[in-house]
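Chemist: Here's a structure for you.
The values are calculated or read from the model by the stated rules, or taken from the named source; none is laboratory data. The shown structure was predicted, so the numbers you read here are calculated from the model rather than taken from an experiment. Heads up, the Cβs are rebuilt from the backbone with ideal geometry, glycines too, and the neighbour counts pull from every protein chain shown.
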Amino acid sequence: MYELPLPAKLESERWKVKIWDNEIRESPHITIVRKTQKWRWGLRERAFMDKEPDPSLVAQEVMDEVNGQYLLLCNEWDRIHPDNPVVGLMENEDE
């Protein structure tokens, strides 16, 4: 598992951004967590994967961190899930 370090303010508000080890068959994504709520955000699509819980509930500051650390998150996904890479597949689709 990988957890993106967040600013202290966001951590104190109980926000987390994680990449889980056991999501081999799913499209590459991060999981944004706050208390008991979880949102999946696709790394290829750069968009929320689900309508519930409402993506508008995710703090803009969290999304700013996600977007600012996008390449790091892609690299971490690829490290954890080398058989389902973000960048590798995207590059092959351009051919």
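Chemist: Going by the conditions given, is ALA59 within 20 Å of ASP78 (Cα to Cα), of a type in the set (Gly, Ala, Ser) and either more than 12 Å from the chain's Cα centre (by Cα) or at pLDDT 95 or above (or both)? Show your work before the answer.
Modeler: Details: within 20 Å of ASP78 (Cα to Cα): no; of a type in the set (Gly, Ala, Ser): yes; either more than 12 Å from the chain's Cα centre (by Cα) or at pLDDT 95 or above (or both): yes.
Considered against the rule, which asks whether it is within 20 Å of ASP78 (Cα to Cα), of a type in the set (Gly, Ala, Ser) and either more than 12 Å from the chain's Cα centre (by Cα) or at pLDDT 95 or above (or both), ALA59 comes out as no.
Here is a yes/no grid of residues against (1) over 10 Å from the mean Cα position of the chain (by Cα); (2) surrounded by 14 or more Cβ atoms within 10 Å (Cβ to Cβ); (3) outside any helix (DSSP H, G or I); (4) touching a residue at least 60 places away in the same chain (Cβ under 8 Å):
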{"site": "LYS9", "(1), (2), (3), (4)": "yes, no, no, no"}
{"site": "VAL17", "(1), (2), (3), (4)": "no, yes, yes, no"}
{"site": "ILE32", "(1), (2), (3), (4)": "no, yes, yes, no"}
{"site": "TRP39", "(1), (2), (3), (4)": "no, yes, yes, no"}
{"site": "ASP50", "(1), (2), (3), (4)": "yes, no, yes, no"}
{"site": "VAL66", "(1), (2), (3), (4)": "no, yes, no, yes"}
{"site": "LEU71", "(1), (2), (3), (4)": "yes, no, no, no"}
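Chemist: Do we have ASN22 as in contact (Cβ under 8 Å) with a residue 24 or more places away in the chain and in a loop (DSSP other than H, G, I, E, B) here?
Modeler: Numbers: in contact (Cβ under 8 Å) with a residue 24 or more places away in the chain: no; in a loop (DSSP other than H, G, I, E, B): yes.
So ASN22 does not fit the description; no.
Chemist: Let me ask you something else. Does ASP54 satisfy the criteria of being touching a strand residue (DSSP E or B) at 6+ places or on another chain (Cβ under 7 Å), farther than 16 Å from LEU4 by Cβ and either in contact (Cβ under 8 Å) with a residue 40 or more places away in the chain or of a type in the set (Asp, Glu) (or both)?
Modeler: Working: touching a strand residue (DSSP E or B) at 6+ places or on another chain (Cβ under 7 Å): no; farther than 16 Å from LEU4 by Cβ: yes; either in contact (Cβ under 8 Å) with a residue 40 or more places away in the chain or of a type in the set (Asp, Glu) (or both): yes.
Judged against the criteria, ASP54 is not a match.
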